Amino acid sequence: MPQNLSMFSLEGKTALVTGANTGLGQGICTAYAAAGANVIGVARRSCQETAEKIVSLGGNFTEIIADLSDINAIPLILQKAESAYSRVDILVNNAGIIKRCDAADVSMEDWDSVININEKMVFFLSQAFAKNWIADSKGGKIINIASMLSYQGGIRVPSYTASKSAVMGLTRALANEWAKYNINVNAIAPGYMATNNTQNLRSDEQRSEEILDRIPAGRWGTPEDITGAAIFLASDAAAYIHGFTLAVDGGWLAR
Ligand code: NAP
């Protein structure tokens with residue numbers, strides 16, 4: 001790699017990515033492996049497909065099965081990560097769920113399920129890694145996956161909007177406290193990407209058309225589309241970037 005591009009390399013780093021079995025998480029895992037990182041994927045189901053993609057690139061992948069709706073899973077995640085690699089350098093808080101429902105009908109159970117994964121786990125998993133990084137003074141990178149609904153209200157997804165708005169706020173709040181420890185906390189706000197998360201939306205012909213009409217790039221995004229931003233924010237090239245949410249949205253927010 002030319003010297004001026006080596007700042008984008010993840011060679012020798014270890015990254016832990018949540019929600020690694022599919023969609024954007026799988027795309028990020030594969031891209032990190034291609035950029036030289038050892039990858040630990042956390043998921044509630046097997047990450048076999050992700051593992052196969054990484055092994056075919058000659059990379060290293062370790063799977064941790066955990067239910068991220070419960071913060072009691074954190075000690076096990078830390079322990080398994082530590083037994084695989086001496087240090088995790090990059091944390092990507094990608095796992096997330098969405099529940100579509102009129103605001104008037106949202107149940108407390110559904111509200112909690114979205115907030116627990118999308119917001120509470122993001123905070124406490126970040127806290128767990130940051131404590132280690134503060135203790136060993138070697139810094140680290142946290143990349144949170146935000147959303148267009150970190151900026152906008154959305155339609156029939158109030159718990160999701162609340163959680164993703166919180167993700168952007170937390171990204172700033174944690175950066176303010178941890179930048180001095182060389183911990184970069186940033187976020188990526190994907191636009192409308194073709195994954196399981198948007199399956200229902202894409203099956204609704206009218207909503208799908210409305211969305212597509214509004215995307216200046218004229219197409220839904222793919223997991224590959226966010227990999228450049230994910231590598232950049234995890235790399236030395238982003239050393240002085242703190243608390244920023246980078247939209248990868250085909251121009252959606254520019255409209
Ligand atoms: P996805 O294919 O549904 O991926 C979500 C991931 O989170 C899956 O790996 C899922 O595992 C995992 N997950 C959900 N609940 C979990 C739990 N309790 N424990 C462990 N893992 C759990 O959708 P995606 O689009 O790739 O979503 C990734 C992130 O991007 C999410 O935070 C989402 O909100 C965000 N995002 C997506 C879009 C978009 O347009 N697609 C836009 C903005 C933001 P399972 O497969 O087992 O459910």
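So how many residues does segment 64-115 have that are out of contact with any Ser or Thr (no Cβ under 9 Å at 6 or more places or on another chain), near the ligand (Cβ under 9 Å from one of its atoms) and under 20 Å from ALA51 (Cα atoms)?
Final tally of qualifying residues: 1.
Taking ASN197 and the conditions (1) at pLDDT 95 or above; (2) within 14 Å of the chain's Cα centre (by Cα), which numbered condition does it fall short on, given that it satisfies the others?
Tallying (1) at pLDDT 95 or above; (2) within 14 Å of the chain's Cα centre (by Cα), ASN197 fails exactly one: (1).
Only residues that are part of a loop (DSSP other than H, G, I, E, B) and among the hydrophobic types (A, V, I, L, M, F, W, C): list them for segment 34-74, please.
Taking segment 34-74 as the starting set, the residues that turn out to be part of a loop (DSSP other than H, G, I, E, B) are 35-37, 44-47, 57-60, 66-70.
Within segment 34-74, ALA35, ALA37, CYS47, LEU57, ALA66, LEU68 meet the criteria.
Quickly run through segment 43-72 and pick out the residues that are among the small types (Gly, Ala, Ser) and touching a residue at least 40 places away in the same chain (Cβ under 8 Å). It would help to see each step written out before you state the result.
First pass over segment 43-72, keeping only residues among the small types (Gly, Ala, Ser): 43, 46, 51, 56, 58-59, 66, 69.
Matches in segment 43-72: ALA43, SER69.
State all residues of segment 163-195 that are within 19 Å of GLU209 (Cα to Cα) and in contact (Cβ under 8 Å) with a residue 60 or more places away in the chain; if no residue qualifies, say none.
Looking only at segment 163-195, we keep the residues that are within 19 Å of GLU209 (Cα to Cα), and these are 190-195.
If the condition is that a residue be within 19 Å of GLU209 (Cα to Cα) and in contact (Cβ under 8 Å) with a residue 60 or more places away in the chain, then PRO190, GLY191, TYR192, MET193, THR195 are the ones that fit.
Output yes when any residue across segment 102-116 is outside any helix (DSSP H, G or I) and not charged (D, E, K, R), and no when none is. If you could, list the steps in order and put the result at the bottom.
Start the filter on segment 102-116 by keeping residues that are outside any helix (DSSP H, G or I), which leaves 102, 106-107.
If we keep only those that are not charged (D, E, K, R) too, we end up with 106-107.
Yes, segment 102-116 contains at least one residue that is outside any helix (DSSP H, G or I) and not charged (D, E, K, R).
Just name the residue that is surrounded by the fewest Cβ atoms within 10 Å (Cβ to Cβ) out of those in segment 175-195 that are out of contact with any helix residue (DSSP H, G or I) (no Cβ under 6 Å at 6 or more places or on another chain) and either of a type in the set (Lys, Arg) or in a helix (DSSP H, G or I) (or both).
Within segment 175-195, the match that is surrounded by the fewest Cβ atoms within 10 Å (Cβ to Cβ) is LYS180.
Within segment 146-162, can one find any residue that is free of Cβ contacts under 8 Å to residues at least 12 places away in the same chain, in a loop (DSSP other than H, G, I, E, B) and in contact with a helix residue (DSSP H, G or I) (Cβ under 7 Å, 6 or more places away or on another chain)?
So far as segment 146-162 goes, yes, one or more of its residues are free of Cβ contacts under 8 Å to residues at least 12 places away in the same chain, in a loop (DSSP other than H, G, I, E, B) and in contact with a helix residue (DSSP H, G or I) (Cβ under 7 Å, 6 or more places away or on another chain).
The values are calculated or read from the model by the stated rules, or taken from the named source; none is laboratory data. What you see is a predicted model; the values in this text were computed from it and never measured. We place every Cβ from the backbone using ideal geometry, glycine too, and count neighbours over all the protein chains shown.
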